[in-house]
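Asker: Structure below; questions to follow.
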Amino acid sequence: MTDPSTVWEYAPAPESTKVEIKPEYGLFIGGEFRAAHSRKWFETINPATEEPLARVAEADAEDINLAVSSARKALKTWRKTPPLERAKYLYRIARRIQERARELAVLETLDNGKPIRETRDEDVPLAAAHFFHHAGWCDKLKWAHPAPDGGEPQGIGVCGQVIPWNFPLLMAAWKIAPALACGNTVVLKPAETTPLTALRLAEIIQEIDLPAGVVNIVTGAGETGRRIVEHPGIDKIAFTGSTEVGRMIATAAAGTRKRLTLELGGKSPNIIFADAAIDQAVEGIVGAIWCNQGQVCCAGSRLLVEESVMDEVIAKLRLRMRSLRIGNPLDKNTDVGAINSATQLARIRRFIKIGSDEGACHNDEPGQALPPKGYWCRPCFFTGVQPAHTIAREEIFGPVLAVMSFRTPDEAVARANNTAYGLSAGVWTSRGSKAFEIARQIKAGVIWCNTFNQFDPSAPFGGYRESGFGREGGRSGLAAYLA
Ligand code: NAD
Ligand code: MN
């Protein structure tokens, strides 16, 4: 690996910010944008500059009633629409996302703070891929999940979907595409800090003439989300976000007829065996924990390294960390962008302090200058971490890696499974049989071998235990949207 002191200084390469942002955005209900009943608005900002981007309507109980009844009304015709016709709408949405990809990537970076390299190469293409994939399923549902009488399976009805701020457009696609493919209608709420790309998706939905009310997008914070999930007109709830809110939703849904899927937090292990290709593994560690500033539910936030290669891995990781470029997310050279909000930054800092207070050793690269405004956290890792330490147990949702060692494969598995979560895991080894043997023993919904954070619409994603239940993507993901 090159010594970063010999690395070239790059000239800034900012992406143009020329993308239309209206001063205010209403709620998308029944195919139209409208102000909230209360006429209340909230602001969404650019976390890299702290500058306001737009005002967004805050939906209250009356707005949610309207959104749910418009979804209910649209359901009557949408569920009778021939599957191939439904597919055409999904294909149109997918193609329009591709055609407007640059605009969506810039908007996502402005509203969320993540690097343009990620929105351009991951978030937006994957969102389009998700609609393409599910368009293909529309007329094949009876082969995927045949109805008991062998006929066409039916959707569940009106779906209330609440999503987080870490992958705003992608999560909207993960929720809307399978719901529509299976003949459901939707009331979706994006997170309060990142509503703009979901609202852009609403414009696309309007543009491609999706029948009014099939997709309704309402904005607001936790209270608006709560009103959606508790609304009696909702048949299915799909939630992605914190385990804490997930628990509240599960409690609220218990004893109702509502179907529920939850995609919650994680504290995923990334296991490096001594026989792994170490340079590739180090790249994998970087992608696992520092992608999207670590604000990823399946982030590889617990690094487990076989003792004999610990020194080598740490030395290479330190070197690699030094060459990460943190700063303006719109710069095409940027690796690490802004933390999504002041609240999230405070939470991450609190964990970093606890890590040091409990006796682990904090390592970062203080040499890099940070932008004057915005919410920034340097990538870092902790060594000297004990399994009982807070930073080894709790989800931080930031660029903070806890490093621990192991001596034997059994110890690796025991440490990997020593968590209340079970979302994902990484296994790095050059021996195929070992990869399968270890993967079989790890309790997690998704396990990557010699890679990390790979997503494909055909591969189901979801958790175990406190990471939630239900799958998104592929054939398994359809089951969550069929009666
Ligand atoms: P959150 O769970 O509060 O928010 C996620 C979504 O749920 C947002 O749209 C929010 O408005 C909505 N919401 C909040 N309270 C609700 C309620 N009572 N009923 C219905 N919907 C509600 O997450 P957060 O506060 O943004 O972040 C807190 C922590 O959660 C983070 O630090 C991180 O650890 C974790 N988190 C995990 C994920 C994930 O994908 N697993 C995503 C975001 C945050
Ligand atoms: Mn924002």
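The values are calculated or read from the model by the stated rules, or taken from the named source; none is laboratory data. Model, not experiment: these values are computed from the prediction. Every residue, glycine among them, receives a Cβ derived from its backbone with ideal geometry; neighbour counts consider all protein chains shown. With ligands, DNA and RNA removed, areas are computed over all heavy atoms of the protein, side chains included. Shrake-Rupley method; radii C 1.70, N 1.55, O 1.52, S 1.80 Å.
Asker: Would a scan of segment 56-68 turn up a residue that is within 16 Å of ligand 2 (Cβ to nearest atom), at pLDDT 95 or above, part of a loop (DSSP other than H, G, I, E, B) and within 30 Å of GLY337 (Cα to Cα)?
Answerer: Of the residues in segment 56-68, the ones within 16 Å of ligand 2 (Cβ to nearest atom) are 56-58.
Imposing the further condition that a residue be at pLDDT 95 or above reduces the set to 56-58.
Now restrict to residues that are part of a loop (DSSP other than H, G, I, E, B): 58.
Narrowing further to those that are within 30 Å of GLY337 (Cα to Cα): 58.
Yes; the residues of segment 56-68 include at least one that is within 16 Å of ligand 2 (Cβ to nearest atom), at pLDDT 95 or above, part of a loop (DSSP other than H, G, I, E, B) and within 30 Å of GLY337 (Cα to Cα).
Asker: Mind listing whichever residues of segment 274-320 are acidic (Asp, Glu), over 23 Å from the mean Cα position of the chain (by Cα) and under 20 Å from ILE447 (Cβ atoms)? Talk me through it step by step, then tell me what you get.
Answerer: Taking segment 274-320 first, the residues acidic (Asp, Glu) are 275, 279, 283, 306-307, 311-312.
Subset that is over 23 Å from the mean Cα position of the chain (by Cα): 275, 279, 306-307, 311-312.
Across segment 274-320, the qualifying residues are ASP275, GLU306.
Asker: Six or more apart or on different chains, Cβ atoms under 8 Å: show the pairs whose first residue is in segment 371-399 and within 17 Å of GLY266 (Cα to Cα) and among the small types (Gly, Ala, Ser) and whose second is more than 16 Å from ligand 2 (Cβ to nearest atom) and open to solvent by 40 Å² or more (accessible area, probe 1.4 Å).
Answerer: ALA392/GLN386; GLY398/ARG347
Asker: Examine segment 420-441 for a residue that is at pLDDT 95 or above, open to solvent by 60 Å² or more (accessible area, probe 1.4 Å) and basic (Lys, Arg), and state whether such a residue exists.
Answerer: Yes: one or more hits.
Asker: Counting only residues that are outside any loop (DSSP other than H, G, I, E, B) and farther than 15 Å from VAL106 by Cα, which one in segment 324-344 is most open to solvent (accessible area, probe 1.4 Å)? Can you show your working first?
Answerer: Filtering segment 324-344 for residues outside any loop (DSSP other than H, G, I, E, B) gives 326, 331, 336, 342-344.
Remaining after also requiring farther than 15 Å from VAL106 by Cα: 326, 336, 342-344.
Values: ILE326: 21, VAL336: 2, ALA342: 53, THR343: 108, GLN344: 18 Å².
Applying the filter and picking the extreme gives THR343.
Asker: Picking from HIS134, HIS130, which residue would you name as being open to solvent by less than 10 Å² (accessible area, probe 1.4 Å), under 21 Å from PRO164 (Cα atoms), in a helix (DSSP H, G or I) and in contact with a helix residue (DSSP H, G or I) (Cβ under 7 Å, 6 or more places away or on another chain)?
Answerer: Working: HIS134 fails: under 21 Å from PRO164 (Cα atoms).
Only one candidate passes the filter, namely HIS130.
Asker: Is it true that GLU108 is within 16 Å of ligand 1 (Cβ to nearest atom), touching a residue at least 40 places away in the same chain (Cβ under 8 Å) and open to solvent by 40 Å² or more (accessible area, probe 1.4 Å)?
Answerer: Judged against the criteria, GLU108 is not a match.
Asker: Out of curiosity, is ILE348 in contact with a His (Cβ under 8 Å, 6 or more places away or on another chain) and under 27 Å from GLU51 (Cα atoms)? Quick ask: steps written out before the conclusion?
Answerer: Details: in contact with a His (Cβ under 8 Å, 6 or more places away or on another chain): no; under 27 Å from GLU51 (Cα atoms): yes.
Taking the combined requirement at face value, the residue does not satisfy it.
Asker: For segment 95-143, give me each residue that is modelled with pLDDT under 95 and of a type in the set (D, E, K, R). Can you show your working first?
Answerer: Filtering segment 95-143 for residues modelled with pLDDT under 95 gives 142-143.
Listed by number, the list holds a single entry, LYS142.
Asker: OK, next. Just the residues that are open to solvent by 10 Å² or more (accessible area, probe 1.4 Å) and either closer than 24 Å to GLY470 by Cβ or acidic (Asp, Glu) (or both), please, taken from segment 394-419.
Answerer: GLU394, GLU395, PHE397, ASP410, GLU411, ASN417, THR419
Asker: Residues in segment 445-454 that are assigned to a loop (DSSP other than H, G, I, E, B) and surrounded by 17 or more Cβ atoms within 10 Å (Cβ to Cβ): how many? First the steps, then the outcome.
Answerer: Keep residues of segment 445-454 that are assigned to a loop (DSSP other than H, G, I, E, B), which gives 445, 450-454.
Pick out the ones that are also surrounded by 17 or more Cβ atoms within 10 Å (Cβ to Cβ) and you get 445, 452-453.
Total satisfying the criteria: 3.
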